[in-house]
1. Do we find a residue being within 20 Å of residue 46 (Cβ to Cβ) and in contact (Cβ under 8 Å) with a residue 40 or more places away in the chain anywhere in segment 336-343?
2. Here is a list: 247, 279, 257. Which entry is surrounded by 23 or more Cβ atoms within 10 Å (Cβ to Cβ) and touching a strand residue (DSSP E or B) at 6+ places or on another chain (Cβ under 9 Å)?
3. Looking only at segment 117-127, which residues are out of contact with any Leu (no Cβ under 9 Å at 6 or more places or on another chain) and either without any contact (Cβ under 8 Å) to a residue 40 or more places away in the chain or surrounded by 18 or more Cβ atoms within 10 Å (Cβ to Cβ) (or both)?
4. Which of the following residues is among the β-branched types (Val, Ile, Thr), more than 31 Å from the chain's Cα centre (by Cα), modelled with pLDDT of 95 or more and buried (at least 18 other Cβ atoms within 10 Å of the Cβ): 154, 159?
5. Restricting to segment 357-402, name every residue that is more than 30 Å from residue 10 (Cα to Cα) and either among the basic types (Lys, Arg) or in a loop (DSSP other than H, G, I, E, B) (or both).
6. I'm told residue 305 meets every condition in (1) surrounded by fewer than 16 Cβ atoms within 10 Å (Cβ to Cβ); (2) under 30 Å from residue 149 (Cβ atoms) except one. Can you identify the failing condition by its number?
7. So how many residues does segment 447-465 have that are touching a residue at least 24 places away in the same chain (Cβ under 8 Å) and either crowded, with 16+ Cβ neighbours inside 10 Å or farther than 28 Å from residue 428 by Cβ (or both)?
8. Evaluate segment 346-356: report whether one residue or more is of a type outside the set (D, E, K, R), without any contact (Cβ under 8 Å) to a residue 24 or more places away in the chain and either over 14 Å from residue 473 (Cβ atoms) or not in a strand (DSSP E or B) (or both).
Amino acid sequence: MKLYNTLTRKIEIFKTINPKKVSLYSCGPTVYDYYHIGNLRNAVFNDTLRRTLELNNFKVSQIMNITDVGHLAADNDEGEDKLEKGAFREGKTVEEVAKHYTLSFKNDMLSMNILPPNAYHSPTYNDNYARATEFIDQQIEMVKILIDKGYAYITHQAIYFDVLKLPSYGELTGQNLKDKENGARKEVITDKSKKHPYDFALWFFAVDRFQKHSMIWKSPWGVGFPGWHLECSAIIHTLLGDPIDIHTGGVDHIGTHHPNEMAQTQAAFGHKLANYWIHNEFILVDGLKMAKSKQNSYTLKDLAVKGYDALEYRMMVLQAHYRKELNFSWEGLEAARNRLNKIKSIAVMRFQPSAFNDSGVSAKSLMECLENMQLSLSNDLNTPTALSQLSEIVNSIESLGLASGTKVQYIKFLEKLDSMLGLALLETKDLDNTLQAILKSRTNARQNKLWNVSDELRIELHSHGISIRDTDQGQIWFRI
């Protein structure tokens, strides 16, 4: 299996720390607002990666965090806490906001058929996500270590990581720290006691702009709350142990969040945080990054208002390579719907004896398709090629049907496709009793050469979203 490693800037043969076991950490949501479909591209990417690892017989231990404190409006520790911003916007408590948007996020994951993380179960919230507020003690302990080792310093407002103390800081970006310093806008830095513009907060004190912060905890240095970057390092160290095999996120994390995570772990524990750093590209709208701040974002609810479901959007995402920008358009979503419907149309053949014949697609061809798709997915998650290979056999099945006696193998084929792509093909239903009766009536009409009745029944079936193809073996129906 091969994966592109942002750290080395090349595709590498994937090698695990422990044989056939993978430790995977995926940066999760900050739960102050609804997840938009740009964020959901990251969810599909994470899910495709995990499914492909499991396809290659790796046992995956995946953790995903939920940020419910400490994420400020800007990555450089400026602005207000996003959770407090959401609470003020809606006239609710921070806890109410976090609960509401966490539930919304989890419902989106269900709708998108995303596998939940599997290496942690929250005793407080009874789900599989690791919240920042559940790991305050571990974050405080990590700050202690960084202070003791001389990598952190204390000001009136916060405790900061001293980036100049770590020569490898910023290696993920490939940019020299001096160059980054020259580009920093020092005039926006609130705490003038920071030694370097790229020093980042490990712990904020409840003073000055955060004097009335609603989420605070006691610490050896004063009451306050953790910085955003700290939670991921602490959660990984606690639940997976470091170094881990793979750390994922969006490309927007390459510049600040992930370098800061890397620095904390390297300084505190003397080894790197992860061996592979893998990032997905943005969703664009009219050439611009989709973002709430740009007011050009859509949610799954927005798609539903237009009549599209979550799996149709999942198909749209899979049609592009995760490292390529993807421009969202309604026309593109419609094309993805049509492609998914065509795949679903051959999934319902398992219910129809007339779909199986002596000249249909063989079990061998089905297995060859799966093998080729696995090779494509294992080559840096090449979903566009895998889908093209699937389309070839879908076209053959649609025109030729399936070979006699291949029903069992065909169901296994569909099961494998679902495990690869998460498109829920086996959830496609047989016709209900009413439509079955219409279909049977049409069969009788054709046998009795009542062609006008047959045509009327075809039209009636079409009005219910069912198209018909007549073959020597009988009628084959498809969902439109």
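1. no
2. Numbers: 279 fails: surrounded by 23 or more Cβ atoms within 10 Å (Cβ to Cβ); 257 fails: surrounded by 23 or more Cβ atoms within 10 Å (Cβ to Cβ).
Answer to the selection: 247.
3. Pass one, segment 117-127, residues out of contact with any Leu (no Cβ under 9 Å at 6 or more places or on another chain): 118, 121-127.
Of everything in segment 117-127, those that are out of contact with any Leu (no Cβ under 9 Å at 6 or more places or on another chain) and either without any contact (Cβ under 8 Å) to a residue 40 or more places away in the chain or surrounded by 18 or more Cβ atoms within 10 Å (Cβ to Cβ) (or both) turn out to be 121, 122, 123, 124, 125, 126, 127.
4. Exactly one residue qualifies, and that residue is 159.
5. Narrowing segment 357-402 to residues more than 30 Å from residue 10 (Cα to Cα): 357-367, 392-402.
Result: 358, 359, 360, 362, 364, 401.
6. If we test residue 305 against (1) surrounded by fewer than 16 Cβ atoms within 10 Å (Cβ to Cβ); (2) under 30 Å from residue 149 (Cβ atoms), just (2) comes out false.
7. Going through segment 447-465 one residue at a time, the tally reaches 1.
8. No, the conditions are met nowhere in segment 346-356.
The values are calculated or read from the model by the stated rules, or taken from the named source; none is laboratory data. On a predicted model such as this, the values are computed, not experimentally measured, just so you know. Don't worry about glycine lacking a Cβ; one is built from the backbone with ideal geometry, like all the others, and counts go over all protein chains shown.
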